[in-house]
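Working notes for the structure below.
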Amino acid sequence: MSVRLYNTLTRRKEDFSPLQVGKAGIYVCGITAYDLCHIGHARAAIVFDVLARFLRYRGYDVTYVKNFTDVDDKIIARAEREGRTIGEVAETFIAAHDEDMAALGVERATVTPRATEHIDGMIALIRTLLEKGLAYVVSGDVYYAVERFAGYGKLSGRGIEEMLAGARIDVNEKKTNPMDFALWKGSKPGEPGWDSPWGKGRPGWHIECSVMSQRYLGDTFDIHGGGEDLIFPHHENEIAQSEGATGRPLARVWMHNGFVRVNKEKMSKSLGNFSTIREMLAVHPPEVLRLFILQSHYRSPVDFSDQALRETRTGLDRFYETRRKIQAALSGGPAADGTAGERLTGGHRRLYEKATGLQERFAGAMDDDLNTARAIGYIFDGVRQVNAYLDAEGQAASPERTLVLAAARQAFDRCGDVLGLFRQDPRDYFAMDQRRETGRRGLEVAEIEDLIAQRLTARQARNWAQADAIRQRLAEHGVILQDGPAATTWKFA
RNA sequence: GGCGGCAUAGCCAAGUGGCUAAGGCAGCGGUCUGCAAAACCGUUAUUCUCCGGUUCGAAUCCGGAUGCCGCCUCCA
């Protein structure tokens with residue numbers, strides 16, 4: 001079974017076959033560093049993080065390039081407004097981006113180039129395009145002549161004519177064709193800029209990606225990704241630039257993640273209905289955000305709401321409850337003692353086979369265009385089976401139980417590694433949640449635990465009325481108690 | 001106006017020609033518990049927006065209708 005990926009270019013799922021056996025080169029358009037990242041950025045980052053992780057799991061040597069756009073009109077505008085340089089503004093938001101992504105468990109890309117580090121390359125590429133007659137200079141600006149590139153529109157599936165029919169593009173007298181786009185923009189006095197053969201100026205938005213992808217991955221590489229809003233014009237223009245210059249295909253597979261919506265409406269900067277990652281993390285555990293996103297297929301739209309996120313948290317809590325039980329059973333139990341899985345019988349054997357088969361089923365779902373939703377379904381199926389086992393034949397410690405639960409734990413860990421989920425220590429997961437929620441609700445962990453201790457005393461005296469009164473009092477603050485055989489644990493509702 | 005996507009239970013969400021339509025959340029009944037909570041067991045879509053068609057067989061393919069959404073402009 002090989003990895004199959006949906007290719008926007010062909011509108012089909014295709015078997016992934018890299019240019020070089022065993023290697024995969026991926027380029028994903030990163031952020032423009034002029035503001036905090038929102039949950040749409042989080043989705044794109046998480047989706048392609050999972051792609052890279054899964055390809056590595058499948059044995060590919062992955063080179064993942066994700067750029068930072070650190071020069072652009074919006075950065076310039078913000079810098080002007082705040083009396084800072086564009087470098088300072090970009091630096092601020094790149095650092096914030098890195099923090100947010102780390103919180104969400106997004107691994108750093110192999111290479112994270114910045115546009116301003118590649119101005120020379122951009123100038124060289126624009127020169128080539130001018131030499132090939134694909135671009136023209138107008139008073140300090142350079143434009144790409146779209147109608148001279150035969151393949152223009154092949155990614156987004158439309159022709160120049162029909163795009164013009166829709167015509168909401170701004171009128172710019174300098175352009176020969178309204179669809180032409182800027183490769184280089186001359187700087188106005190006072191604006192930042194770089195010297196070029198066409199005067200002081202700055203690059204257009206699309207040229208950086210053509211240059212950086214070629215620099216780190218070559219003329220043609222395996223996978224190019226980004227949000228679906230980048231299909232047009234950004235990726236279409238990248239194709240025109242790169243393929244126009246090299247005469248070779250840019251990327252073999254184009255992957256685009258679907259949008260984040262809020263109340264059934266596209267979430268976007270222009271609509272102003274966006275939540276930053278930070279705002280979300282103040283209310284929800286980071287792993288819940290990640291799980292919520294991966295519970296839908298990456299190409300479908302996903303609708304955020306507090307309600308939906310709370311439900312996801314309930315599910316994730318359940319996973320970690322089970323993980324905690326496995327941990328407890330394994331730390332107290334005897335060694336597996338050379339017991340062979342093949343010799344197990346009954347319930348031990350059933351779970352052992354489920355556990356050892358989980359990875360394969362999981363990977364099969366992931367092979368099918370990164371079907372994380374189905375893959376996660378298999379994991380939760382495994383969770384239920386582990387719980388059922390622990391309620392039945394797994395109650396007593398035994399070498400068999402150790403073997404079976406260790407197999408289950410390993411299966412969860414291997415799958416979790418690919419998703420970037422399910423890998424915290426259960427104690428840390430619950431403790432983190434408790435810390436955030438006590439902070440939000442103005443409670444103290446010590447207070448709560450003191451009440452729990454008082455209730456224990458009452459319970460030992462069989463004073464149920466008082467014990468229940470304490471539980472009720474905690475419940476009013478959203479604290480739910482769980483009396484276990486060894487101790488009482490608690491969490492927020 | 002042009003192009004494209006989606007429509008599966010109370011909600012979220014897999015499933016793209018053939019085994020009982022995954023999984024999560026919520027609900028209900030039961031087991032366990034001092035009572036709860038958690039966990040488990042059972043249960044909640046004879047049917048996949050509607051109407052036609054292809055096929056031995058369709059949620060899955062084709063045609064049409066309706067509804068929702070996205071792109072065509074900076075956007076992950």
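Restricting attention to region A:246-312, which trypsin sites (Lys or Arg not before Pro) occupy a DSSP loop and are surrounded by at most 14 other Cβ atoms within 10 Å? Here the trypsin sites (Lys or Arg not before Pro) that fit, given the DSSP loop and packing criteria, are A:Lys264, A:Lys269. The GluC sites (Glu not before Pro) of region A:374-455 that DSSP puts in a loop, and whose beta carbon has at most 15 other beta carbons within 10 Å, are A:Glu444. Applied to region A:188-203, the Karplus parametrisation 6.51 cos²θ - 1.76 cosθ + 1.60 on θ = phi - 60° returns per-residue 3J(HN,Hα) values of 7, x, x, 7, x, x, 10, 6, 8, x, 10, x, 5, x, 9, x Hz, with x for Gly and Pro. Taking 1.002 mPa s as the viscosity and 20 °C as the temperature, the Stokes-Einstein diffusion coefficient of region A:61-157 based on its alpha-carbon Kirkwood radius rounds to 130 µm²/s. Sites listed here are trypsin sites (Lys or Arg not before Pro) in region A:80-126 whose DSSP assignment is loop and whose Cβ has at most 12 other Cβ atoms within 10 Å: A:Arg108.
Structure shown: which of A:Lys132/A:Lys175; A:Lys175/A:Lys264; A:Lys185/A:Lys269; A:Lys132/A:Lys185 lie over 26 Å apart, alpha-carbon to alpha-carbon?
Values: A:Lys132/A:Lys175 18 Å; A:Lys175/A:Lys264 37 Å; A:Lys185/A:Lys269 24 Å; A:Lys132/A:Lys185 20 Å.
Distance filter (> 26 Å) returns A:Lys175/A:Lys264.
At R0 = 41 Å, how high is the FRET efficiency between A:Gln466 and A:Ala308 if r is their beta carbon distance? Nearest 0.05 is fine. Mind dumping the intermediate values first?
Values: r = 39 Å, r/R0 = 0.94.
Result of the calculation: an efficiency of 0.60.
Under 17 Å from a label point set 7 Å out along the Cα-to-Cβ vector of A:Arg343, the amide N atoms of region A:378-419 belong to A:398-405. For region A:115-228, the share of accessible area belonging to carbon and sulfur comes to 48 percent (1.4 Å probe, ligands and nucleic acids excluded). Can you work out the base-10 log of I(q)/I(0) for region A:303-343 at q = 0.17, 0.19, 0.33, 0.34 1/Å, using the Debye formula on its C-alpha atoms alone? Listed by q, the Debye log ratios stand at -0.63, -0.69, -0.99, -1.01. For the pair A:Thr110 and A:Phe380, the difference between a 0.36 nm per residue extended length and the Cα-Cα distance amounts to 94.1 nm. Note on A:Asn273 and A:Arg56: their simple-model spin labels are 3.7 nm apart, each label 7 Å out from Cα toward Cβ.
For the cross-link pairs A:Lys74/A:Lys491; A:Lys23/A:Lys325; A:Lys23/A:Lys200; A:Lys13/A:Lys266, which exceed 32 Å when the distance is taken from alpha carbon to alpha carbon? Those over the limit are A:Lys74/A:Lys491; A:Lys23/A:Lys325; A:Lys23/A:Lys200. Applying 0.36 nm per residue to the separation of A:Glu80 and A:Ser331 and subtracting their alpha-carbon distance, the gain on full extension is 84.4 nm.
Roughly how many Å² is the accessible area per residue of chain A, as a whole number, for a 1.4 Å probe?
Details: 22180 Å² over 493 residues.
Each residue of chain A exposes 45 Å² on average to a 1.4 Å probe.
Taking amide hydrogens as placed 1.01 Å from N in the peptide plane, the amide H of A:Ser275 sits under 5 Å from those of A:Ile39, each at least 5 positions away in sequence or on another chain.
Computed over the Cα atoms of chain A, what is the convex hull's projected area averaged over all directions, in nm²? Mind dumping the intermediate values first?
Working: hull surface 110.6 nm².
That works out to 27.7 nm².
Could you pull out which residues in region A:285-320 have an amide N less than 18 Å from a spot 7 Å beyond the Cα of A:Ala493, following the Cα-Cβ vector? Of the residues in region A:285-320, A:306-315, A:317-318 have backbone N under 18 Å from the label point off A:Ala493.
Computed on the Cα trace of region A:166-275, the radius of gyration divided by the Kirkwood hydrodynamic radius gives Rg/Rh = 1.02. Between the amide H of A:Trp184 and those of A:Val142, A:Gly204, distances stay under 5 Å, these residues lying 5 or more places away or on another chain, with hydrogens modeled in the peptide plane. Whole Å is fine, so just give me how far the alpha carbon centre of region A:204-251 lies from that of region A:353-431. Between the Cα centre of region A:204-251 and that of region A:353-431, the gap is 39 Å.
A straight line joining the Cα centroids of region A:314-346 and region A:273-296 runs 30 Å.
The values are calculated or read from the model by the stated rules, or taken from the named source; none is laboratory data. Treat the numbers as computed from the prediction; the structure is a model and nothing was measured. Cβ atoms come from the backbone with ideal geometry, glycine included; neighbour counts cover every protein chain shown. To get the accessible areas, we keep the full protein, side chains included, count just its heavy atoms, and leave off ligands, DNA and RNA. Shrake-Rupley method; radii C 1.70, N 1.55, O 1.52, S 1.80 Å.
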